[in-house]
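Structure first, commentary second.
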Amino acid sequence: MTTMEELKQISEILDQITEDTSIPRNIRRGATECKEMLLYSNDAVDVRIASSIFKLEVLADDPNIPLHGRTLIWNIISRLESIKK
């Protein structure tokens, strides 16, 4: 699987977060920003991935995020780290 295909699959998981109304608005907004960063930024792929991982780690540390949202974010981070290698 190519890197872009992986990023598109990850963006679909980010869409799940943005569409889940039980997740706070700031987390959903951050997930949207990560998706745009991953798919539409002009930066190098490794820079986009590293920036997204950093942002997602901040979102996962938010005390208001429900457990299922945090788990989704951790899964996304794990997949991004596997691409980065």
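A few comments on the model shown:
- Condition met for THR71 (at negative phi, in contact with a Ser or Thr (Cβ under 8 Å, 6 or more places away or on another chain) and at pLDDT 95 or above): no
- Scanning segment 32-58 for residues that are part of a helix (DSSP H, G or I), more than 13 Å from ASN75 (Cα to Cα) and hydrophobic (A, V, I, L, M, F, W, C) yields CYS34, MET37, LEU38, LEU39, VAL45, VAL47, ILE49, ALA50, PHE54, VAL58.
- Tally of residues being in contact (Cβ under 8 Å) with a residue 40 or more places away in the chain, surrounded by 12 or more Cβ atoms within 10 Å (Cβ to Cβ) and of a type in the set (S, T, N, Q) across segment 48-85: 1
- Restricting segment 1-30 to residues that are hydrophobic (A, V, I, L, M, F, W, C), in a helix (DSSP H, G or I) and in contact (Cβ under 8 Å) with a residue 40 or more places away in the chain leaves a set whose member that is surrounded by the most Cβ atoms within 10 Å (Cβ to Cβ) is LEU14.
- Within segment 29-50, being at pLDDT 95 or above and among the polar types (S, T, N, Q) holds for one residue alone: THR32.
The values are calculated or read from the model by the stated rules, or taken from the named source; none is laboratory data. Quick caveat: nothing in here was measured; it's all calculated off a predicted structure. Cβ sites come from the backbone with ideal geometry, for glycine too, and all protein chains shown count toward neighbours.
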